[in-house]
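Working notes for the structure below.
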Amino acid sequence: METGKKINKETLRNDILRRLNNLTKPVGSLGYLEYLALRMGLIQGKVIPDLPEDKRVYVFAGDHGVVKQGVSAYPKEVTKQMVYNFLNGGAAINVFSRHVGATVYVVDAGVDGDFPIESPYLIRAKVGFGTNDFTEGPAMTREQALLCIEYGRKIAREAIEDGADLLAVGDMGIGNTTTATAIAVAFGYDINEIIDIGTPISTEELKSKKRAVLKAIEVNKPNPSDPIDVLQKVGSFCIGEMAGFILQAAEMGVPIIIDGFPTTAGLLLAWEINSEVREYVFAGHKSKVKGHKVILDTLGLRPILDLDMRLGEGTGAVLSMSIIEAAIKMIREMATFDSAGVSKGTDQ
């Protein structure tokens with residue numbers, strides 16, 4: 001059975017490549033766009049992939065107990081304030097989503113506060129009112145870690161059942177790059193290759209960030225062979241829900257675009273649980289946070305954009321949607337040599 005699947009996929013790949021190579025252009029001349037078209041065709045199971053009709057970004061928001069260690073330029077209250085900004089349509093993610101025709105949903109995975117409002121774009125999936133300070137002990141219980149995965153899966157499943165066919169993952173949470181760093185270090189990455197500023201912080205504050213991560217690893221001793229243990233001990237509610245979201249979307253065969261460093265920590269967790277998720281994931285951009293490239297490289301993911309961004313929110317992921325759509329339009333709408341009556345060159 002597995003052999004049959006492999007043959008079918010290889011046949012599809014060859015058919016897509018044949019189509020790409022017969023378009024009126026030199027072979028390979030549209031570079032990475034051709035690879036994007038190939039991957040979308042493989043995901044959809046079609047030689048000529050369809051354009052997405054329902055594009056969505058889910059911004060997972062949560063607070064991180066480690067902020068009291070002085071690891072961020074902003075107070076944790078900003079997390080809650082930004083959720084309101086997202087819902088009011090005033091953030092960068094809203095601007096860019098309007099530009100590409102995507103819908104913004106905000107997930108309260110673990111914000112330290114309630115939202116006494118009604119909005120179809122606010123998803124209540126709170127596991128707790130912020131994580132514990134992981135320099136003092138586990139960020140959460142194992143039961144909460146498992147609940148994060150379950151909630152993330154549920155959100156993705158409901159989105160896809162509602163018609164979503166291109167998903168992006170965003171993040172919001174003061175302290176999230178510290179947590180993302182801790183997750184990466186727990187899985188064996190060198191902290192000196194990973195750690196960087198998220199918000200503009202001083203050299204001393206960056207040293208505090210490094211100390212906090214190293215202490216978290218020393219105090220909690222997360223088991224790299226057990227992704228749930230890593231999530232429990234040095235993770236966060238929002239990153240855990242991202243991991244569940246990515247797992248479910250991949251299992252349902254829907255492409256997911258990740259954003260920057262924290263969302264890639266969510267991907268790393270998901271990949272450690274099921275490495276096949278990578279086949280459905282696109283890296284929307286390369287964050288200016290240096291550790292982002294390190295993880296993308298080890299996962300074999302090439303970022304679509306490189307704009308020196310480090311905002312988060314899903315901004316790079318959403319901007320890359322237009323490039324993915326351009327790649328699909330290329331394979332759908334360009335004439336072939338035969339249909340256009342154009343002679344092939346010797347490289348065809």
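Out of (1) without any contact (Cβ under 8 Å) to a residue 40 or more places away in the chain; (2) under 20 Å from Ile304 (Cβ atoms); (3) in the same structural domain as Gly244 (by TED's automatic domain parsing), what's the single condition that is false for Val59? In the conditions (1) without any contact (Cβ under 8 Å) to a residue 40 or more places away in the chain; (2) under 20 Å from Ile304 (Cβ atoms); (3) in the same structural domain as Gly244 (by TED's automatic domain parsing), Val59 misses (1) alone.
Scanning region 93-144 for residues that are crowded, with 21+ Cβ neighbours inside 10 Å and aliphatic (A, V, I, L, M) gives Ile93, Ala102, Val104, Val106, Val107, Ala109, Val111, Ile123, Ala125, Val127, Ala139, Met140. Which condition number does Thr298 fail, the rest of (1) among the polar types (S, T, N, Q); (2) under 23 Å from Ser97 (Cα atoms); (3) assigned to a helix (DSSP H, G or I) being met? With (1) among the polar types (S, T, N, Q); (2) under 23 Å from Ser97 (Cα atoms); (3) assigned to a helix (DSSP H, G or I) applied to Thr298, the lone miss is (2). Restricting attention to region 177-189, does a residue exist that is within 18 Å of Thr264 (Cα to Cα), modelled with pLDDT under 95 and surrounded by fewer than 24 Cβ atoms within 10 Å (Cβ to Cβ)? No; the residues of region 177-189 include none that is within 18 Å of Thr264 (Cα to Cα), modelled with pLDDT under 95 and surrounded by fewer than 24 Cβ atoms within 10 Å (Cβ to Cβ).
Among the residues of region 65-112, the ones that are outside any helix (DSSP H, G or I) and at pLDDT 95 or above come to 16 in all. When you check Val219 against the structure, is it at pLDDT 95 or above and either out of contact with any Leu (no Cβ under 8 Å at 6 or more places or on another chain) or not in a helix (DSSP H, G or I) (or both), yes or no? Yes, satisfied. Of all residues in region 269-291, those being crowded, with 22+ Cβ neighbours inside 10 Å, at pLDDT below 95 and part of a helix (DSSP H, G or I) number 1.
The values are calculated or read from the model by the stated rules, or taken from the named source; none is laboratory data. Predicted model, so just to flag it, every value in this text is computed and none were measured. For neighbour counting, all protein chains shown are included, and Cβ atoms are generated from backbone atoms with ideal geometry for every residue, glycine included.
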